[in-house]
């Protein structure tokens, strides 16, 4: 009986084994993470992501933008970040605009645009930085600021010297390599550094070979990867890549792709980059130079065939697109290449921020569900972000509203448009009910305009909320003015296209939630009705003065969204937190005035109606704790209306 | 339209309102707890619990025990704590036994018995302490030790002076009041202090009135409540209580109830307490003094009618029982009074410890499910206990096994009994399979003995495990030697009598779990089978040398039991933690040798068989992550056996 049998360990050494030989050793060696790793992406630096994608044989793309000139253009660009971010770029980059005060706090500066991309849009972002004509202190200052804002990647460039008569300065920043060295000296390994490669050689270089040697210097000084200048023929890049490898450059080299989008932009770019457009391209473009659509179509086909050739070579894993801040051409190329991956699956039910401080964040109050940028802004000073439990958060202090009306938190729509949607002239509370109802139904208002946004929600109704549309319409018509809601979910697969989130193989759950403004008359009836439901329904009811009625035990948060995944602890990304609700209350009430009432003249009846609602209505949230049963919140509302009749 | 309507706040001011007038104020004032309060009891001190129960009109009971003389008696007493603890006493108390080295580390000392009650049995405990003939330093030392062990309540007594010729010492501890003052001086408000009251006056007091004054002194010196000496007639207590109130004693006064359990114990007690037994009781007892059962029946009836009269008076909310370390009489009285509340509902799926340090603890690894005392012992040095998430735990270092074979962690059964259960002589691995199978089925082994415990489980099979009995029997017969398991649960009410836990109105969930020892032959086949299940089944497989095979991502714990409750964050009280598993492995393998192999002579075939298993088998745990589907672990095992055939 006591036989030696085959040793299972050796039989299956290919399976994942930590190889530790004893419990205590294993424990001492391990650095235990304080949060379940839901999404490796959030924990890796860009160069690691790149390596992992390459090793997995994955193909990827990235997008380049330049900072806008006006605040309005910035608002549009940020919307574009959100839309193009949905396609799954590995990163985006923002160019450095020396003429535009690029390191300043202006809403249009390179620094602030990159900050928005990282923090508010959750995009891995590279900030360009040029060094010529700048002092060491200026540059260190920019880098420190970038680090503080959560930027982790720098594209180190020389930049174009100001004036014709530029001379190299002794000990100054004369070349990009000086900037690379400076970053590594001052910031060690904190930043991932990208440098530029010139497939045809830099126009100012003595020779193609000399330029390759400069590139090698930059890499050896500490650059992590290379993005190339645009080029017009795939063989240009492939030759360049082989030449780089031949002299010992082993880091990733990413081709820069420029889909031709118009005659003038091409001429402009060619002038700036001192590149020559091949004759065969000129031959096509010249005859159609006044037909924008035709040029764009040609540009898309040209880019497409070049990208295919690059990818088919097996040497290229990622493509970098010079978007010129436009969407159509790049998106089309990406979609036709099959690289555009609009993955409806989310790591968490809300959009995560890419700031390294927020890496572990996995719980937020539900109140800001439609205003995530506001939430990120108001919590940017926190040192720790809740993970695992909201209850663990030791810093529930939200940023003041005074800083809040930053341009990127404002409505995207101009005043005229808002007036068309929300009413040129209000005749009573019922006109307000009407606006809410139109927003829910998607039907035009009585003047024929669709209501596509509300002060509490800058976007049309979420797909998930659509599940509740009929009920929402009914209650808004009668003055229960809903601003946030979610249906109950009793264990749907984490891959569910509407309510799913997190890794596959899991299950997601929700408690039904409803948040609305209502008159004190409705609230009085509601409170009578709620008695009957006891602890099944938790409620928080507060007016603008902060008078607060609740049946929540102590100040405990209520988890209303959670997920169970293979081999992990439980994730509960949204909670109804009583303390945060009182901060949200200030914001929710302020939006009535700041976004809506102020559309009208002072003392005008319309303004007074909104002011009255602001002063007298209550903000209510309801949670149905009994998630496996049918959502009872509609019954609560029906009972309330019945009591009022 | 703009009318003043009734103000909902004033309309419902009786509902729970935090009354805060603004968000920020409310947040600053609140001390946010780091863990959801599942059970108010765990966060209150004894005097608060007493007050809350009294205010709620709840009636309660408490139990007094004395320290045992022998280690065997201590093992029995601890089992009694568990059994009587199930009836729901508000607290137990342990008397101070000056002759028995009461403050020492001996397994039978008052200190260590009280420590066991608090830490291992989770009982709110009062430790008696006497002060006469002791130095200040001795007493302070005892109190410091009590505090360190997690004891929070002291019954301050004078004690009986040693020798006949006792004289009061100047500045010494001459009366209980000196001890009360000393505790308050040295430990401020840390301890809840109880003092003794004498319904007939202390036998040494000058008068009944003088004794009342002494009692008042003790209360005014800082005592929180009073427990009385036993008495034989309810009117004795009720008069005493009125007299106490008349002189200004307002703290709770708890009557001490002594169910007469035998002629000799009554005589002994009466002699010690210098009480007089009323003639009508003597008249009943004397004629039946040799009939123990008759005396006990009479004692139960007498106690019962006295308790009823006390409770009916409306002046008494709690009853304190002098158990004399016996169960039957007290339990019967409590059951007939309706005070014995064997609540199958548990605050968490495992027995919580009452040590204040462990108040927030709400996550444990599943491995110690059947050995909670061992888990508590091995983690007693931790400064923080995991709450919310195991992943947050920064101190995963488990206490060494060297201290582990403390008497109260040993099997309750003597060697002879274990040999009868586990086999006087083993003939091969199959004899071991047979023992495991008999433990599961409850059928007698081939020698006619039932196997009621195993080295890994000192108690018969848990009700929950019974749900899996048929499958467990089948696999143990074939050498998959199960030591821990749980079925999958997809949202049963938290009040479910078998798998429920936590407050009512919630839902509990489990992932199916199976843990067993198996030969390397079985493990080799199992690993092949597991490939097919991919991430659905997480496994950890380890042998005594620590060779470890797993498919768990990183070192992340897997939550296998969790609950969703109204108005709370999610609770996940048991996890499969890869790091802890390697500590548990040491313990689980050691039990083969320490508890089983050592029953046999060295070099004997029986011992060698166990030693072989210890050296060559693997410890395996499996989790089926897909909790809403039918448990696939039995299929995994069946597939494994099929592959082996």
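The values are calculated or read from the model by the stated rules, or taken from the named source; none is laboratory data. Every value quoted in this text rests on a predicted model; they were computed, and no experiment measured them. Here the Cβ positions follow ideal geometry from the backbone for every residue, glycine too, while neighbour counts run over all protein chains shown.
Here residue A:352 meets the list (1) within 22 Å of residue A:463 (Cβ to Cβ); (2) surrounded by fewer than 22 Cβ atoms within 10 Å (Cβ to Cβ); (3) touching a strand residue (DSSP E or B) at 6+ places or on another chain (Cβ under 8 Å) almost entirely, failing just condition (3). For residue B:496, the conditions (1) within 32 Å of the chain's Cα centre (by Cα); (2) in contact (Cβ under 8 Å) with a residue 40 or more places away in the chain; (3) outside any helix (DSSP H, G or I); (4) surrounded by fewer than 23 Cβ atoms within 10 Å (Cβ to Cβ) are fulfilled apart from (2).
Does residue B:248 meet the test of being in a loop (DSSP other than H, G, I, E, B), touching a helix residue (DSSP H, G or I) at 6+ places or on another chain (Cβ under 6 Å) and in the same structural domain as residue B:173 (by the TED database)? Outline the logic, then answer.
Details: in a loop (DSSP other than H, G, I, E, B): yes; touching a helix residue (DSSP H, G or I) at 6+ places or on another chain (Cβ under 6 Å): no; in the same structural domain as residue B:173 (by the TED database): yes.
Against the criterion (in a loop (DSSP other than H, G, I, E, B), touching a helix residue (DSSP H, G or I) at 6+ places or on another chain (Cβ under 6 Å) and in the same structural domain as residue B:173 (by the TED database)), residue B:248 does not qualify.
Among the residues of region B:511-532, the ones that are more than 22 Å from residue B:617 (Cβ to Cβ) and surrounded by fewer than 24 Cβ atoms within 10 Å (Cβ to Cβ) come to 1 in all. The single residue among B:487, B:493 that is more than 7 Å from every other protein chain (Cβ to nearest Cβ), closer than 20 Å to residue A:569 by Cα and touching a strand residue (DSSP E or B) at 6+ places or on another chain (Cβ under 9 Å) turns out to be B:487. Screening region A:317-349 for residues that are in contact with a strand residue (DSSP E or B) (Cβ under 6 Å, 6 or more places away or on another chain), in a loop (DSSP other than H, G, I, E, B) and at pLDDT 90 or above and picking the one that is farthest from residue A:82 (Cα to Cα) gives A:339. Scan region B:626-634 and give yes if some residue there is assigned to a helix (DSSP H, G or I) and in the same structural domain as residue B:544 (by the TED database), otherwise no. Yes, the conditions are met somewhere in region B:626-634.
Do we find that residue B:622 is in contact with a strand residue (DSSP E or B) (Cβ under 9 Å, 6 or more places away or on another chain) and closer than 22 Å to residue B:365 by Cα in this structure? Criteria met by residue B:622. When you look at residue A:236, is it under 26 Å from residue A:209 (Cα atoms) and assigned to a loop (DSSP other than H, G, I, E, B), yes or no? So residue A:236 fails the test. State yes or no: is residue B:420 assigned to a helix (DSSP H, G or I), over 20 Å from residue B:515 (Cβ atoms), at pLDDT 85 or above and not assigned by the TED database to the domain that holds residue B:591? It is false that residue B:420 is assigned to a helix (DSSP H, G or I), over 20 Å from residue B:515 (Cβ atoms), at pLDDT 85 or above and not assigned by the TED database to the domain that holds residue B:591. Reported count of residues in region B:251-284, each being surrounded by 13 or more Cβ atoms within 10 Å (Cβ to Cβ) and either assigned to a loop (DSSP other than H, G, I, E, B) or in contact with a strand residue (DSSP E or B) (Cβ under 7 Å, 6 or more places away or on another chain) (or both), is 15.
Does residue A:420 fit the bill of being surrounded by fewer than 21 Cβ atoms within 10 Å (Cβ to Cβ), over 25 Å from residue A:618 (Cβ atoms) and over 25 Å from the mean Cα position of the chain (by Cα)? Before the answer, list the steps.
Working: surrounded by fewer than 21 Cβ atoms within 10 Å (Cβ to Cβ): yes; over 25 Å from residue A:618 (Cβ atoms): yes; over 25 Å from the mean Cα position of the chain (by Cα): yes.
Against the criterion (surrounded by fewer than 21 Cβ atoms within 10 Å (Cβ to Cβ), over 25 Å from residue A:618 (Cβ atoms) and over 25 Å from the mean Cα position of the chain (by Cα)), residue A:420 qualifies.
With A:560, A:537 as the choices, which residue is within 21 Å of residue B:507 (Cβ to Cβ), within 30 Å of the chain's Cα centre (by Cα) and assigned by the TED database to the domain that holds residue A:521? Walk me through it before giving the result.
Details: A:537 fails: within 30 Å of the chain's Cα centre (by Cα).
Within the list A:560, A:537, the selection yields A:560.
For region B:49-147, the strands (runs of 3 or more DSSP E) that sit wholly inside it and include 1 or more residues that are farther than 26 Å from residue B:317 by Cα and in the same structural domain as residue B:172 (by the TED database) are B:125-130. Looking at this structure, is residue A:386 within 14 Å of chain B (Cβ to nearest Cβ), in a loop (DSSP other than H, G, I, E, B), at pLDDT 80 or above and within 23 Å of residue A:587 (Cβ to Cβ)? So residue A:386 passes the test. For region B:507-523, the set of residues classified as facing another protein chain (nearest Cβ under 7 Å) and over 30 Å from residue B:571 (Cα atoms) consists of B:519, B:520, B:521, B:523, listed by residue number. Quick check: anything in region A:592-611 under 24 Å from residue A:369 (Cα atoms), crowded, with 24+ Cβ neighbours inside 10 Å and at the interface with another protein chain (Cβ under 9 Å from one of its Cβ atoms)? No, every residue in region A:592-611 fails to be under 24 Å from residue A:369 (Cα atoms), crowded, with 24+ Cβ neighbours inside 10 Å and at the interface with another protein chain (Cβ under 9 Å from one of its Cβ atoms). Is it true that residue B:465 is within 25 Å of the chain's Cα centre (by Cα) and more than 25 Å from residue B:581 (Cβ to Cβ)? Spelling it out, it is not the case that residue B:465 is within 25 Å of the chain's Cα centre (by Cα) and more than 25 Å from residue B:581 (Cβ to Cβ).
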